[in-house]
Structure formats: C-alpha cells, structure tokens
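This report concerns only the one structure given below.
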C-alpha cells in the first residue's frame with residue numbers, strides 16, 4: 001500500500017502499528033528510499049534480509065538523536081554534532097546493555113534530516129533496522145511505485161516523490177582516525193574540516209581528484225599528468241576538464257613534452273567540459289584561477305568545501321592563479337609546471353596519508 005506523508009496522528013499510528021506487527025515499511029529519506037523494520041524484532045530482521053537477498057552485510061539503525069547514547073558509546077562527538085541528523089551513517093561501539101537483534105560489537109546509526117522520520121523516531125520505542133530499497137547488488141529504486149511493484153512483501157510505502165541522490169556517507173568513528181567505509185552525500189573534505197585532520201579511506205575506495213582550467217588542453221591536463229606520477233592509481237583517480245564547451249581536443253604539444261619531462265604522459269588525453277557529474281565525482285577539485293572556482297560553484301554551490309585554487313592548497317602565496325601558457329614557447333609551459341609543483345606535492349602527500357595511516361581499533 002502506498003501512503004502519502006501526513007502530519008496527523010492517524011498517519012503515524014499506521015506506521016507504528018505496522019512496525020509493531022513485524023511488517024516491513026518503506027521510508028523516503030534525505031538520500032534514497034529505505035526498507036525498515038523494528039530493530040528489536042528477530043523475525044522482522046530475517047524477513048528484511050531475505051527480501052534484500054543478503055546475509056552478512058549489517059543494517060543501519062534509525063533512532064532519534066537523543067537516544068544514540070543509549071545504544072552506543074559516542075566518540076568523535078564533533079562529527080556527530082555537526083552532521084547528525086543528516087545524510088551520514090556513523091559507526092560506533094555498541095552499548096551491549098541495550099537489546100538489539102545484532103551480534104556485532106559496533107552499530108551503524110543514522111538519523112535522516114526528514115521531518116516526518118524524526119517525528120516517527122521520537123514516537124516509536126525501538127530503533128528501526130533500515131537498508132536501501134533494492135535487491136542486493138541492484139540499483140536503488142527511486143519512487144514509491146517502483147518499490148511497491150518490486151517488493152510486494154512491503155506492507156506500507158511512504159511516498160516521498162522521486163529520489164535520486166548519493167547514499168549516505170558511512171564512517172566508522174570507533175577508529176582513530178575515522179575510517180570512511182562508503183563515500184556518499186557528505187564530502188570527505190567537509191568531514192575533515194570538522195574533524196581537524198585527515199580521515200582514512202577503506203580500500204577499495206579511491207580518492208578522486210579533478211583539475212579545472214579553461215580549455216582543458218594546457219594547465220589542467222599538465223597538473224593531472226604530473227600528479228599521476230606522484231600517486232598510485234590503486235588508491236587515487238585523477239581527471240581534468242575545462243569550463244569552456246571544448247570536448248575531444250588533444251593536449252598541447254608543449255604540455256605533452258613538459259609532462260614527459262616529469263615522467264608522465266598525457267598523450268591520450270582528450271578535453272572535456274566541466275559538468276555536475278564530474279563535480280559530484282570528485283573528492284577534491286583544484287582550479288587554476290578565480291573564474292574556474294566560480295564556474296564550479298555556479299554549477300554546484302555545495303562543492304565550495306572541496307574546491308581550491310591549486311596554488312593556494314595549504315600554502316600562502318602572493319600570486320594565487322596559475323598562468324596560462326597557451327600559445328607560448330616551451331619555457332612558459334615549464335614555468336607553469338614549476339608553479340604547480342609545490343602544491344601537487346602537498347596534495348600527493350595528503351592523499352597517501354588517507355590510505356597509509358593505520359587506524360587504531
């Protein structure tokens with residue numbers, strides 16, 4: 001049955017009665033649709049795992065924020081205070097004195113920034129065990145109708161319209177430094193800004209870097225080619241683009257030669273235009289000048305936290321922009337590469353730290 005969101009006692013009673021009866025309901029969150037059951041009900045959890053077609057992967061638990069300390073031992077409190085409620089799942093050590101139908105020492109906790117869910121969690125006595133609305137390994141379903149059609153076992157589907165979003169960021173706060181287990185709606189650099197230092201990424205996650213210039217034939221592919229000589233593609237992917245609609249052009253010959261002098265290659269690069277998809281893909285965006293920064297923010301305002309002028313990355317410099325060598329001789333290209341190098345070294349160092357530092361359990 002599909003039901004509309006209504007701020008009425010009858011609406012919440014309908015959800016609560018289904019949960020107490022051990023039934024599965026579907027909820028629209030601040031990211032994607034989820035399938036939910038009472039987290040203390042073994043039979044309901046087994047039913048949810050069966051229709052999800054998975055056995056080992058744990059569920060997240062939705063609960064009101066003021067109950068988190070009842071079920072878990074809070075660490076990295078600043079991260080929780082900043083991002084909860086919101087599109088983040090925090091993993092904490094479980095308080096075993098509180099009963100839940102799980103055997104693990106840790107618990108994943110999520111509080112979506114959705115008014116009716118926050119109100120439901122304040123009214124319902126137990127945490128909800130929740131997973132995304134899809135069969136294991138399949139794309140997440142984006143609408144109430146699709147969920148009702150593909151999951152006839154679901155008793156109630158709350159209609160929140162079409163939801164197309166990144167999933168929640170999943171981060172283990174029981175580790176020091178925190179360990180990102182799934183990249184999602186909250187950028188890594190936004191979490192690091194609150195935490196005050198680098199977090200760790202669990203492999204096979206990769207850290208994605210995007211360079212932006214104007215035409216994507218000189219500066220940004222040069223930066224891309226040089227950085228790739230400093231990092232391992234096993235943990236870092238590097239791309240470049242331009243803010244002008246110039247796709248499919250080869251890099252400049254001088255740019256190719258300079259990158260080869262640093263031990264890299266950009267011969268196969270073809271220019272591409274800056275897009276929302278590239279911005280969302282990137283964990284770190286480095287731009288050559290102020291106009292490129294503005295182009296990124298115009299497309300995706302939320303990307304400001306992860307976008308920097310390349311020359312300013314963790315450095316104080318008098319001249320902040322990387323000069324454009326287009327149309328000049330090879331020496332101009334070499335000077336451009338030299339002006340990028342100090343920042344590229346800092347970037348490579350920070351990326352390695354996000355994978356090489358050992359987490360303390």
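The values are calculated or read from the model by the stated rules, or taken from the named source; none is laboratory data. Quick caveat, the model's predicted, so the values are computed rather than measured. In this analysis, Cβ positions are derived from the backbone assuming ideal geometry, glycine residues included, and neighbour counts consider all displayed protein chains.
Please go through the range 16-42 and pick out each residue that is part of a helix (DSSP H, G or I), surrounded by fewer than 23 Cβ atoms within 10 Å (Cβ to Cβ) and touching a strand residue (DSSP E or B) at 6+ places or on another chain (Cβ under 9 Å).
18, 20
May I ask you to say which residue of 311, 306 is at pLDDT below 95 and surrounded by 15 or more Cβ atoms within 10 Å (Cβ to Cβ)?
From the options 311, 306, the qualifying one is 311.
Say we look at the range 43-68 and pick out the residues that are outside any loop (DSSP other than H, G, I, E, B) and free of Cβ contacts under 8 Å to residues at least 12 places away in the same chain; which of these is farthest from residue 143 (Cα to Cα)?
66
Exactly one of these conditions fails for residue 326: (1) farther than 19 Å from residue 189 by Cα; (2) assigned to a helix (DSSP H, G or I); (3) in contact (Cβ under 8 Å) with a residue 40 or more places away in the chain. Give me its number.
Result: residue 326 fails condition (2) only.
Residue 325: assigned by TED's automatic domain parsing to the domain that holds residue 223, buried (at least 21 other Cβ atoms within 10 Å of the Cβ) and out of contact with any strand residue (DSSP E or B) (no Cβ under 9 Å at 6 or more places or on another chain), yes or no?
Answer is yes for this residue.
Check residue 58 against each of (1) surrounded by fewer than 18 Cβ atoms within 10 Å (Cβ to Cβ); (2) modelled with pLDDT of 95 or more; (3) within 14 Å of residue 108 (Cβ to Cβ) and name the one condition it does not meet.
Of (1) surrounded by fewer than 18 Cβ atoms within 10 Å (Cβ to Cβ); (2) modelled with pLDDT of 95 or more; (3) within 14 Å of residue 108 (Cβ to Cβ), only one is false for residue 58: (2).
Considering only the range 131-153, how many residues are under 11 Å from residue 34 (Cβ atoms) and touching a helix residue (DSSP H, G or I) at 6+ places or on another chain (Cβ under 9 Å)?
Residues that pass the stated criteria total 5.
With respect to residue 293, determine if the residue is in contact with a strand residue (DSSP E or B) (Cβ under 8 Å, 6 or more places away or on another chain) and within 14 Å of residue 212 (Cβ to Cβ).
yes
Matching residues to (1) part of a helix (DSSP H, G or I); (2) buried (at least 21 other Cβ atoms within 10 Å of the Cβ); (3) under 19 Å from the mean Cα position of the chain (by Cα):
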site	(1), (2), (3)
247	no, no, no
257	yes, no, no
263	no, no, no
267	no, no, no
271	no, yes, no
279	yes, yes, yes
285	no, yes, yes
291	yes, no, no
294	yes, no, no
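Anything in the range 119-165 that is surrounded by fewer than 16 Cβ atoms within 10 Å (Cβ to Cβ) and under 12 Å from residue 63 (Cα atoms)? List them, or say none.
Once the filter is applied, which keeps residues that are surrounded by fewer than 16 Cβ atoms within 10 Å (Cβ to Cβ) and under 12 Å from residue 63 (Cα atoms), the range 119-165 yields 119, 122, 123, 125.
Pull up the range 70-96, narrow it to residues that are at pLDDT 95 or above and part of a helix (DSSP H, G or I), then point me to the one that is nearest to the chain's Cα centre (by Cα).
Among those that are at pLDDT 95 or above and part of a helix (DSSP H, G or I), it is 83.
When you look at residue 318, is it in contact (Cβ under 8 Å) with a residue 24 or more places away in the chain, assigned by TED's automatic domain parsing to the domain that holds residue 225 and in a loop (DSSP other than H, G, I, E, B), yes or no?
Criteria not met by residue 318.
Quick check on my filter: what residues within the range 227-237 are surrounded by fewer than 24 Cβ atoms within 10 Å (Cβ to Cβ) and either outside any loop (DSSP other than H, G, I, E, B) or not assigned by TED's automatic domain parsing to the domain that holds residue 340 (or both)?
228, 236, 237 - these are the residues of the range 227-237 that are surrounded by fewer than 24 Cβ atoms within 10 Å (Cβ to Cβ) and either outside any loop (DSSP other than H, G, I, E, B) or not assigned by TED's automatic domain parsing to the domain that holds residue 340 (or both).
Having 1 or more residues that are under 17 Å from the mean Cα position of the chain (by Cα) is the bar; report the helices (runs of 4 or more DSSP H) wholly within the range 108-208 that clear it.
Where helices (runs of 4 or more DSSP H) fall fully within the range 108-208 and carry at least 1 residues being under 17 Å from the mean Cα position of the chain (by Cα), they are 188-195.
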